[in-house]
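Participant: Just dropping this structure here.
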């Protein structure tokens, strides 16, 4: 994981915040708990910082205390498919799988907002996996993430893009302040196709398009489209 920030000078305060986000740490044995805090590396990174990238060595296991990290799979063409987001109390299965398998990263992690995280060095992560509460925590969230990724695969493979776009718009409120490119990135598509679909939605009276803005006019119509699809992709 690439370092972009200064080490936090108040480990006790941050340690309390860490355990608030990750209560499982309180279930560790006293020696393991002390070792974890002793070797915790605190970093604060700005929005838009790349934490790790494809084929980069994994240096440790991240615990997010504030902010959000978007994990995506990127193609050489520049297109990317968001896989999942990691917020406070959650884990990154790409990081855990790389550490457990002794492999490099095969995805990209970028902060979506100013982010505070604790990076647990690999050697300490290996030790913590010997603690049943920590091990159960990692594998439980691992299973949840795999389920989410299977749903994503189903969405991409079996649902038309207009269905997926309609569902995405419905999940963001009545007025979306976003660009066509940002929506395309969310869907793992390209701007030109998303712009064409949005224009079609506007022509049908489903949405009203503005500068970096999409207003939902007919949520019922979008829900119907999301469920049935129109054949346009």
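Participant: For the chain, what does the helix formula give at 222 nm: sum of -39500 (n - 2.57) over DSSP H segments with n ≥ 4, over the residue count, nearest 500 deg cm²/dmol?
Facilitator: -14000 deg cm²/dmol
Participant: Going 7 Å from the Cα of residue 195 along its beta-carbon direction, which residues of the range 72-94 have the amide nitrogen within less than 19 Å of the resulting point?
Facilitator: Under 19 Å, as judged by backbone N against the label point of residue 195, lie 78-80 of the range 72-94.
Participant: Tilt of helix 219-228 relative to the longest C-alpha principal axis of the chain, in degrees (0 to 90, nearest 10)?
Facilitator: Result, in degrees: 80.
Participant: Just rank 91, 68, 115, fewest to most, by other beta-carbon atoms within 10 angstrom.
Facilitator: With the sparsest Cβ surroundings first, the list reads 68, 91, 115.
Participant: Using label points projected 7 Å from each Cα along Cα→Cβ, tell me how many nm separate residue 112 and residue 21, to one decimal.
Facilitator: Placing both labels 7 Å along Cα→Cβ, they lie 1.5 nm apart.
Participant: Between residue 34 and residue 174, what FRET efficiency comes out of the Förster formula 1/(1 + (r/R0)^6) with R0 = 41 Å and r the beta carbon distance, rounded to 0.05?
Facilitator: FRET efficiency, residue 174 to residue 34: 0.25.
Participant: Can you bin every Cα-Cα distance in the range 72-117 into 5 Å intervals starting at zero and give me the percent of pairs per bin, rounded to whole numbers?
Facilitator: 5, 18, 26, 24, 19, 7, 1
Participant: Moving on to the next point. The range 106-122 to the range 181-206: how many Å between their Cα centroids?
Facilitator: 30
Participant: Taking a ≥ b ≥ c as the square roots of the eigenvalues of the Cα gyration tensor of the chain, is the shape rounded (a/c under 1.5), prolate (a/b larger than b/c) or oblate?
Facilitator: Cα axes put the chain in the prolate bin.
Participant: Using only Cα atoms, find the angle between the long axis of helix 30-39 and the longest principal axis of the chain, and express it within 0 to 90 degrees, rounded to the nearest 10.
Facilitator: 70
Participant: Given contacts defined as C-alpha pairs under 8 Å and at least six residues apart, what's the relative contact order of the range 11-156, whole-number percent?
Facilitator: Here the relative contact order equals 33 percent.
Participant: For the chain, find the longest principal axis of its Cα atoms and tell me its angle to the long axis of helix 191-203, 0 to 90°, nearest 10.
Facilitator: The angle comes out at about 50 degrees.
Participant: At 0.36 nm per residue, and after removing the present C-alpha to C-alpha distance, how many nm does the segment from residue 218 to residue 132 gain when stretched out fully?
Facilitator: So the extension gain works out to 25.9 nm.
Participant: Separate question: Quick check: pseudo-label points 7 Å beyond the Cα along Cα→Cβ at residue 147 and residue 227, how many nm apart are they?
Facilitator: 2.4
Read-outs: derived from the displayed coordinates by stated rules, not from any lab. Since the model is a prediction, treat every value here as computed from it, not as a measurement. Glycine gets a Cβ as well: all are built from the backbone with ideal geometry, and neighbour counts include every protein chain shown.
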